[in-house]
1. Give the relative contact order (percent, whole number) for the chain; include only Cα pairs under 8 Å separated by 6+ residues.
2. Against the longest alpha carbon principal axis of the chain, how many degrees, from 0 to 90 and to the nearest 10, is the axis of helix 246-260 turned?
3. Pull out the extension gain between residue 140 and residue 27, defined as 0.36 nm times the separation in residues minus the alpha carbon to alpha carbon distance; nm, one decimal.
4. Taking the chain as the reference, fit the longest principal axis to its C-alpha atoms, fit the long axis of helix 95-106 to the helix C-alpha atoms, and give the angle between the two in degrees, 0 to 90, nearest 10.
5. Once you have the alpha carbon radius of gyration of region 1-90, what is it after dividing by 2.2 N^0.38 Å, with N set to its residue count?
6. Could you work out, for the chain, what percent of all Cα-Cα pairs fall into each 5 Å distance bin, beginning at 0 Å and stopping at the bin that holds the largest distance?
7. Going by the alpha-carbon gyration tensor, a ≥ b ≥ c the square roots of its eigenvalues, is region 63-208 rounded (a/c under 1.5) or, if a/c is not under 1.5, prolate (a/b greater than b/c) versus oblate?
8. Return the whole-Å distance between the Cα centroid of region 182-200 and the Cα centroid of region 29-48.
């Protein structure tokens with residue numbers, strides 16, 4: 001059963017067609033990767049799903065809910081989480097406090113006068129930090145953390161409101177190659193354990209092919225391919241257009257096939 005259904009999604013900016021008739025589903029428990037060259041329309045698609053942009057045409061349904069016309073906060077309340085290319089934590093707060101603030105918001109206690117915020121949901125915050133491997137840094141301020149650690153904190157924050165669907169826009173951007181693989185392996189393990197569906201964009205093909213259940217490919221605002229990682233990496237059209245360098249993509253595909261063997 002589809003958790004998210006996108007149908008005929010189109011969005012233009014002046015004469016530029018950022019999205020043209022894009023349709024796909026995200027199934028329950030699936031890790032669906034959206035790939036494509038820069039300017040393919042990936043972020044525009046995410047922003048239309050998440051309510052930051054209103055599509056010109058098409059529909060976006062999350063279960064029984066129509067998301068078009070809803071604000072990002074309303075969509076978040078329905079159970080759609082999101083992480084961004086650039087992390088957005090409160091630098092002056094500790095790691096645990098950042099997660100605690102997300103929990104307070106999730107439970108609609110942000111305007112409560114009693115008890116004091118410092119006593120609310122801290123145990124649950126530590127449980128989430130333990131799940132993402134950040135328990136030992138719970139009392140450190142976020143402004144002193146390494147970038148890779150901030151990405152793990154951001155994941156814990158996203159998990160705080162128990163999403164059914166998680167949108168991850170370039171989750172490993174700015175990270176070292178080893179950190180990228182470790183973060184996505186961690187993410188994949190958590191979401192599979194909890195039955196969460198994930199739609200993510202990513203430029204690192206090692207990360208995509210190692211973790212995606214299925215892949216869709218955008219190019220110039222149109223969906224040009226979809227299927228299993230094996231189907232997509234062997235698709236001749238994808239090999240020719242991806243990142244504008246087919247030979248590079250084919251080399252990655254050959255290396256991955258050899259590793260699988």
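A short reminder: the numbers here are calculations on the coordinates, not readings from a lab. What you see is a predicted model; the values in this text were computed from it and never measured.
1. 26 percent
2. So the inclination is approximately 70 degrees.
3. 36.9 nm
4. It works out to around 90 degrees.
5. Normalised by 2.2 N^0.38 Å, the Cα Rg of region 1-90 equals 1.08.
6. 1, 6, 13, 16, 18, 16, 13, 9, 5, 2, 1, 0, 0
7. Judged from the Cα gyration tensor, region 63-208 comes out oblate (a/c at least 1.5, b/c at or above a/b).
8. 17 Å
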